[in-house]
Amino acid sequence: MKRPGFSRPNRPHRLRNTLMAGTTVIAPLWITGWVLWTLFNWADRFSRPLIRPFAAIAGDPDWYYRGIGFLLTILILWVVGTVTTHVLTRRLLHDVREAIERLPLVRTIYSPVRKLMETMTSPDKAGFKQVVLFEYPRKGLWTLGFLAGDVPFEDGRPPAHSIFVPTAPNPTTGFMLIVPRNEIEPTGLSVEAAFQMIVSAGVAVPPTLRLPVNVAQEGEPNGGGSIERRVRIATEEPSPRWTEAST
């Protein structure tokens with residue numbers, strides 16, 4: 001007997017719900033496995049040419065077992081990392097980097113790639129200072145970005161900030177904007193939490209993320225007094241919350 005106001009979903013609806021439930025389980029596992037498998041194949045192919053000369057010396061130039069190149073790549077990364085972090089070699093590596101960055105054509109590629117890799121592999125220690133919100137591409141739409149640096153004005157006023165805006169769901173690509181300080185709202189989010197939200201295309205919203213109070217409510221013109229608030233912020237002294245990020 002059916003209860004009043006209650007109707008059981010039909011079979012196509014139940015089938016769709018079942019398939020979607022299965023997709024939510026399988027899709028993340030499949031994507032994770034595909035990414036790991038792609039990285040494995042890349043690492044395996046990276047070191048495979050180094051094995052061929054030794055295989056030729058042993059009498060079989062075609063000798064190779066899948067996975068040996070991957071292990072050799074891990075070993076190379078470990079050795080290079082150990083040498084890089086050794087106190088006696090830091091000065092030498094610094095001199096080598098400076099020599100490379102003096103080359104006219106090479107420096108235009110090497111220097112930004114090196115800085116980007118250092119930032120992406122250790123975002124909380126170098127490069128990104130804060131996770132921020134600002135209105136882009138128009139007023140009323142908010143974009144999540146990473147505060148990367150300061151851009152001074154000619155007249156000596158408090159500097160604007162360079163903001164890296166990653167694309168979703170691939171945060172390794174994006175674009176850079178220069179935004180005035182008074183148009184940026186700190187979020188208090190960690191870089192890791194922000195990356196998780198971006199990779200999930202906005203599905204995994206951090207529970208601590210809040211929009212600023214000046215966001216217009218339904219039926220309110222001009223952002224509910226946001227213009228007056230922006231004028232006040234622009235004429236006040238820099239807020240203490242930027243002291244750490246700007247130093």
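The values are calculated or read from the model by the stated rules, or taken from the named source; none is laboratory data. Since the model is a prediction, treat every value here as computed from it, not as a measurement. With ideal geometry, Cβ positions are generated from the backbone for all residues, glycine too; neighbour counts draw on all protein chains shown. For accessibility, only protein heavy atoms count, side chains too; no ligands or nucleic acids. Shrake-Rupley method; radii C 1.70, N 1.55, O 1.52, S 1.80 Å.
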Length gained, Asn17-Asp60, 0.36 nm per residue minus C-alpha separation, equals 9.9 nm
From the Cα centre of region 169-186 to that of region 36-106, the distance in Å is 34
When every protein chain stays in place and a 1.4 Å probe is rolled, Tyr110, Tyr65 sorted by accessible area with the largest first are Tyr65, Tyr110
Output ordering of 187-199, 168-180 (per-residue mean of other Cβ within 10 Å, highest first) is 187-199, 168-180
